[in-house]
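Everything on this sheet refers to the single structure shown next.
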Amino acid sequence: VEDNKAMLNFLVMKLRGKYNIYTALNGAEGITKLRELPVVPDLILSDIMMDKMDGFSFAKIISEQPKYNHIPFVFLTAKSTSTDRIKGLKLGAMYFVLPVGIG
């Protein structure tokens, strides 16, 4: 779940060779698409700062649903203060990954 189309395309290109990839441009779209998937995903990658629904809100909804709350959740974000990390970890995120560029 990533609102930056260049970053989203980069991630898809890097991961699609080994994984089935489903994408969404914000948390709200992510929730909708998650419910439509034929299988439960093995991992969720999400940005934090997005329009319509940010990554924290998205993670909170995921963590409250028994069908999805076991899925490992990783934030891929430039938002990396200790407060942000603690908030994300309390929501069930396993890691914070800081992108260094998409080139």
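The values are calculated or read from the model by the stated rules, or taken from the named source; none is laboratory data. Being a predicted model, the structure only gives us computed values, none of them experimental. Positions of Cβ are generated from backbone atoms using ideal geometry, with glycine treated the same way; all protein chains shown enter the neighbour counts. Quick note on the areas: whole protein, heavy atoms, side chains included, nothing else; ligands and nucleic acids left out. Shrake-Rupley method; radii C 1.70, N 1.55, O 1.52, S 1.80 Å.
Where in region 27-103 are there helices (runs of 4 or more DSSP H), lying wholly inside it, with at least 2 residues that are at pLDDT 90 or above and either touching a Phe, Trp or Tyr at 6+ places or on another chain (Cβ under 7 Å) or not β-branched (Val, Ile, Thr) (or both)? I'd like the intermediate steps shown before the answer.
Values: elements: 27-36, 55-63, 82-90.
Once the helices (runs of 4 or more DSSP H) in region 27-103 are filtered for at least 2 residues that are at pLDDT 90 or above and either touching a Phe, Trp or Tyr at 6+ places or on another chain (Cβ under 7 Å) or not β-branched (Val, Ile, Thr) (or both), what remains is 27-36, 55-63.
If you go through region 1-26 and pick out every residue that is without any contact (Cβ under 8 Å) to a residue 60 or more places away in the chain, in a helix (DSSP H, G or I), open to solvent by 30 Å² or more (accessible area, probe 1.4 Å) and among the hydrophobic types (A, V, I, L, M, F, W, C), you end up with 3.
Residue count for region 29-47 under the criterion of being out of contact with any Asp or Glu (no Cβ under 6 Å at 6 or more places or on another chain) and buried (at least 18 other Cβ atoms within 10 Å of the Cβ): the result is 6.
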